[in-house]
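Notes follow once the structure below has been shown.
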Amino acid sequence: MIDTQALIDRMVLGLRGGATQLPPDVVAALEAAYEREDTDTARMQLKAILDNVALARDEWVPLCQDTGIQVFYVTAGYGFPHLSDVVRAIPLAIARATSEVPLRPNTVNPFTGANPKDNLGEHMPAVTIDLEEGDGCRITIFPKGGGSENMSALWMLTPAAGFKGLKRKVLEHVQWAAGKPCTPVVLGIGIGGGADMAVKLAKRALLRPVGSVNPDGDAAALESELLEDVNALGIGPMGLGGRTTALAVHVEYAHRHPATFPTALVVQCWCDRRAVIVLDREGRAIG
């Protein structure tokens with residue numbers, strides 16, 4: 001029998017950590033960008049970001065006033081017997097974390113603007129469930145801010161446009177977005193599948209550690225080329241110029257229909273927040 005209260009407590013802690021503690025890979029990437037920049041303006045912006053990260057970490061206060069939409073990715077083994085308990089616990093934990101952390105209430109009815117003030121609502125929270133071999137469960141908490149989400153895009157390219165068209169669209173879009181998504185950003189790119197799958201892949205790409213490389217050689221080469229080209233735009237930290245417009249470009253792909261070439265771009269600000277909870281078969285947190 002799973003300890004539901006202990007599970008909710010652990011999720012609340014994960015939500016608190018996701019809002020206040022920037023992952024080490026992101027911090028390392030920001031520190032490397034600070035060392036790489038050669039202008040006072042760019043270094044000043046990155047220094048302010050790193051000071052903010054340290055203060056949030058030490059005081060356990062949110063990294064940003066926009067604590068985001070609470071997105072959950074749940075990957076359960078076929079032999080994990082408590083998936084329903086996990087899914088039921090998520091909204092209870094979010095409602096508690098909203099008042100305890102606190103998290104800014106960020107879910108509003110699109111027709112009326114009414115805000116339930118607990119980060120819940122129709123189809124909220126956003127929970128994606130995947131199954132795999134094993135008997136444990138991994139819960140990834142991904143707070144997604146609205147400013148960078150506004151800079152996301154989907155293009156239904158033609159196969160004739162191909163990767164040349166993809167690169168042009170990405171660079172034009174990043175140039176248009178400039179500093180609005182709070183650069184330096186992390187770019188998640190999803191290629192293939194259908195329109196819905198491309199967007200899902202692009203967002204899932206953001207779950208990877210910053211700077212990780214896609215194991216597929218072609219995808220890895222595209223990541224490297226796009227990162228170089230995006231940074232050559234010179235937008236820089238907070239749009240004020242510099243060598244670091246993006247910390248990383250992560251690409252994920254699916255096979256596509258021969259007549260389509262869907263490409264999605266999901267933008268994440270420098271505040272690339274996420275937290276992971278690992279459960280054993282009994283539903284006890286082990287990470």
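Observations on the structure shown:
Matching residues to (1) within 16 Å of LYS203 (Cβ to Cβ); (2) of a type outside the set (A, V, I, L, M, F, W, C); (3) assigned to a loop (DSSP other than H, G, I, E, B):
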residue	(1), (2), (3)
ALA114	no, no, yes
ASP118	no, yes, yes
PRO143	yes, yes, no
GLY147	yes, yes, no
MET151	yes, no, yes
PHE163	no, no, no
LYS180	no, yes, yes
GLY188	yes, yes, no
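- Considering residues of segment 91-120 that are under 19 Å from ARG10 (Cα atoms) and touching a Lys or Arg at 6+ places or on another chain (Cβ under 8 Å) only, the residue surrounded by the most Cβ atoms within 10 Å (Cβ to Cβ): ALA97
- Being farther than 17 Å from GLN268 by Cβ and in the same structural domain as MET156 (by TED's automatic domain parsing) is true of GLY194.
- Count of segment 1-50 residues which are among the polar types (S, T, N, Q), over 13 Å from ASP272 (Cβ atoms) and touching a Lys or Arg at 6+ places or on another chain (Cβ under 9 Å): 3
- Test: residue in segment 179-194 that is surrounded by fewer than 17 Cβ atoms within 10 Å (Cβ to Cβ) and among the aliphatic types (A, V, I, L, M): no
- Count - residues of segment 58-90 that are in contact with a helix residue (DSSP H, G or I) (Cβ under 9 Å, 6 or more places away or on another chain), more than 19 Å from ARG138 (Cα to Cα) and either buried (at least 20 other Cβ atoms within 10 Å of the Cβ) or not aromatic (Phe, Trp, Tyr) (or both): 9
- Residue check, ILE141 closer than 20 Å to ILE277 by Cα, surrounded by fewer than 18 Cβ atoms within 10 Å (Cβ to Cβ) and modelled with pLDDT of 95 or more: no
- Of the residues LEU55, LEU46, the single one that is of a type outside the set (Lys, Arg), touching a Phe, Trp or Tyr at 6+ places or on another chain (Cβ under 7 Å) and more than 28 Å from ASP3 (Cβ to Cβ) is LEU46.
Residues checked against (1) assigned to a loop (DSSP other than H, G, I, E, B); (2) crowded, with 16+ Cβ neighbours inside 10 Å:
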position: ILE235; (1), (2): yes, yes
position: THR244; (1), (2): yes, yes
position: HIS255; (1), (2): no, no
position: THR263; (1), (2): no, yes
position: VAL266; (1), (2): no, yes
position: ASP272; (1), (2): yes, yes
position: ARG281; (1), (2): yes, no
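The values are calculated or read from the model by the stated rules, or taken from the named source; none is laboratory data. All values reported here derive from a predicted model rather than from experimental measurement. Cβ sites come from the backbone with ideal geometry, for glycine too, and all protein chains shown count toward neighbours.
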